[in-house]
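*Asks:* Structure provided below as structure tokens; questions to follow.
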Amino acid sequence: MSYPKVILALPEWVEELVCDPDREYPTEEDRMRLAIELSRRNVERGTGGPFGAGVFDLSTSRLVAPGVNLVTATNLSVAHAEIVAIMIAQQVVGHFDLGGHGRPAYELVATTEPCAQCFGAVPWSGVRRLACGARDEDAREIGFDEGSKMDDWIFSLERRGISVVRDVCRDEAAAVLNEYAEDGGEIYNARQGE
């Protein structure tokens, strides 16, 4: 038997949106608004779910790697925006550890707090900061199963040297989730363990 190759590629429209590699995103709101625009366009273009992310170099305020949710487009339940952004950033940097010796501090910006899977990927990625838009309950409210996550997940990351900021442009990020649901977007992995 020959198994298929698994290849993840960003939709072509992403390059158009982030075509200037020298553009700076100096504030957390600037960085979050880019992630929100990625999520919004992902829904509008029909290329995935209502989640966007980006990995940014905090020393330059520049985007290292964008990420959009590719679950429905690729039939891969693990192709969440955060995972896509982390994988691309690691390829750009040329190493699996974004927090390795001599590297600048990288920030993962995600339009929604991490689900159980993405939470697990954050410390292993090497990012030093996590900025979240919508809350876990905003995603659950429209039917997404975010999985089980410890109550003190923020403390758990901070104990590992990863600072966490929540509610960055929360209303804007949650609006994309709500629009997606109202327009009949597929709420995948919503079985709640059934």
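The values are calculated or read from the model by the stated rules, or taken from the named source; none is laboratory data. If you're wondering where the values come from, they're calculated on a predicted model, not measured in any experiment. Don't worry about glycine lacking a Cβ; one is built from the backbone with ideal geometry, like all the others, and counts go over all protein chains shown.
*Asks:* Identify the single condition in (1) crowded, with 19+ Cβ neighbours inside 10 Å; (2) of a type outside the set (Ser, Thr, Tyr); (3) within 26 Å of ILE142 (Cα to Cα); (4) within 12 Å of the chain's Cα centre (by Cα) that LEU10 does not satisfy, given that it satisfies every other one.
*Replies:* Status for LEU10: all satisfied but (4).
*Asks:* From ALA175, ALA121, grab the single residue that is free of Cβ contacts under 8 Å to residues at least 12 places away in the same chain and crowded, with 16+ Cβ neighbours inside 10 Å.
*Replies:* Of the residues listed, the single one that is free of Cβ contacts under 8 Å to residues at least 12 places away in the same chain and crowded, with 16+ Cβ neighbours inside 10 Å is ALA175.
*Asks:* Looking at VAL68, VAL64, VAL84, which is the one that is over 25 Å from ASN178 (Cα atoms) and either touching a Lys or Arg at 6+ places or on another chain (Cβ under 6 Å) or crowded, with 19+ Cβ neighbours inside 10 Å (or both)? Give the derivation first.
*Replies:* Working: VAL68 fails: over 25 Å from ASN178 (Cα atoms); VAL84 fails: over 25 Å from ASN178 (Cα atoms).
Unique residue meeting the criteria: VAL64.
*Asks:* Being under 13 Å from the mean Cα position of the chain (by Cα), surrounded by 14 or more Cβ atoms within 10 Å (Cβ to Cβ) and of a type in the set (A, V, I, L, M, F, W, C): is that true of LEU157 here?
*Replies:* no
*Asks:* Here's something else I'd like to know. Name the pairs: first residue in region 16-38 and under 10 Å from GLY54 (Cβ atoms) and in contact (Cβ under 8 Å) with a residue 40 or more places away in the chain, second residue among the aromatic types (Phe, Trp, Tyr) and outside any loop (DSSP other than H, G, I, E, B), Cβ to Cβ under 6 Å, at least 6 apart or on different chains?
*Replies:* ARG31/PHE56
*Asks:* Hey, another quick one. Quick one: is ASN189 modelled with pLDDT under 95 and either surrounded by 12 or more Cβ atoms within 10 Å (Cβ to Cβ) or at positive phi (or both)?
*Replies:* yes
*Asks:* Within region 132-161, how many residues turn out to be part of a loop (DSSP other than H, G, I, E, B) and among the basic types (Lys, Arg)?
*Replies:* Residues in region 132-161 being part of a loop (DSSP other than H, G, I, E, B) and among the basic types (Lys, Arg): 3 in total.
*Asks:* I need a count of the residues in region 42-61 that are within 24 Å of GLY102 (Cα to Cα) and surrounded by fewer than 24 Cβ atoms within 10 Å (Cβ to Cβ).
*Replies:* Matching residues across region 42-61 total 5.
*Asks:* So, one more: Quickly run through region 136-170 and pick out the residues that are hydroxyl-bearing (Ser, Thr, Tyr) and under 27 Å from ARG40 (Cβ atoms).
*Replies:* Scanning region 136-170 gives a single hit, SER163.
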